[in-house]
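Undergrad: The structure is given below, and queries will be raised subsequently.
The values are calculated or read from the model by the stated rules, or taken from the named source; none is laboratory data. A quick note: this is a predicted structure, and the numbers were derived from the prediction, not measured. Please note: Cβ atoms are built from the backbone with ideal geometry, for glycine as well, and neighbour counts cover all protein chains shown.
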Amino acid sequence: MKSPPSLDLKLVEEFVGIAHGNFLRVKELLEQEPSLVNATWDWGGGDFETALGAASHMGNRQIAIYLLENGARLDIFAAAMLGNLEVVKAALATYPNAVDTLGPHGISLHEHAEAGGLEAREVLEYLNSL
């Protein structure tokens, strides 16, 4: 079976870039090209980021939830920002060293939880207890 063509790189870069905070444009682009939902941009030096990763470290719940509702792959960083304590606990119970894994731009799991504000308070408390 032949693979579909690659996504336009400029479109991927724009999508991941705007996912840091422009909900309306995220929605517009995702409606235009649904396969962008899990596209990854390489900022260089192995710093890969998805739109969900961008929304997560910025604490942008609206964009993160929209992306997840449209097929984005949940990761521990998004779970931490969104306050999904059970997901974070389960991941760290299985892979304890993941607590020190860095996300996009070298942003820590703790910082993702901090970006989640009050909704992620329990996650942050849990991470601080480790």
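Undergrad: Exactly one condition in (1) closer than 26 Å to Ser35 by Cα; (2) touching a helix residue (DSSP H, G or I) at 6+ places or on another chain (Cβ under 8 Å) is not met by Ala98; state its number.
TA: Evaluating Ala98 over (1) closer than 26 Å to Ser35 by Cα; (2) touching a helix residue (DSSP H, G or I) at 6+ places or on another chain (Cβ under 8 Å) leaves (1) as the failure.
Undergrad: Can you name the number of the only condition in (1) more than 16 Å from Pro104 (Cα to Cα); (2) in contact (Cβ under 8 Å) with a residue 24 or more places away in the chain that Asn38 fails?
TA: The one condition Asn38 does not meet is (1).
Undergrad: Go through region 103-130 and report how many residues are aromatic (Phe, Trp, Tyr) and out of contact with any Lys or Arg (no Cβ under 8 Å at 6 or more places or on another chain).
TA: Residues that pass the stated criteria total 0.
Undergrad: Quick check on Gly17: is it under 18 Å from the mean Cα position of the chain (by Cα) and either assigned to a strand (DSSP E or B) or of a type in the set (Gly, Ala, Ser) (or both)?
TA: Working: under 18 Å from the mean Cα position of the chain (by Cα): yes; either assigned to a strand (DSSP E or B) or of a type in the set (Gly, Ala, Ser) (or both): yes.
So Gly17 fits the description; yes.
Quick grid of which residues meet (1) of a type in the set (Phe, Trp, Tyr); (2) surrounded by fewer than 22 Cβ atoms within 10 Å (Cβ to Cβ); (3) under 22 Å from Gly116 (Cα atoms):
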| residue | (1), (2), (3) |
| --- | --- |
| Leu29 | no, yes, no |
| Trp43 | yes, yes, no |
| Asp75 | no, yes, yes |
| Ala80 | no, no, yes |
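Yes/no per residue for (1) over 24 Å from Phe15 (Cβ atoms); (2) at pLDDT 95 or above; (3) part of a helix (DSSP H, G or I); (4) under 13 Å from the mean Cα position of the chain (by Cα):
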{"residue": "Ser56", "(1), (2), (3), (4)": "no, yes, yes, yes"}
{"residue": "Ala64", "(1), (2), (3), (4)": "no, yes, yes, yes"}
{"residue": "Leu68", "(1), (2), (3), (4)": "no, yes, yes, yes"}
{"residue": "Ala72", "(1), (2), (3), (4)": "no, yes, no, yes"}
{"residue": "Ala80", "(1), (2), (3), (4)": "no, yes, yes, yes"}
{"residue": "Leu102", "(1), (2), (3), (4)": "no, yes, no, yes"}
{"residue": "Val123", "(1), (2), (3), (4)": "yes, yes, yes, no"}
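Undergrad: From the residues in region 62-72 that are over 22 Å from Glu122 (Cβ atoms) and touching a Leu at 6+ places or on another chain (Cβ under 7 Å), which one is surrounded by the fewest Cβ atoms within 10 Å (Cβ to Cβ)?
TA: Step by step, filter region 62-72, then rank; the result is Asn70.
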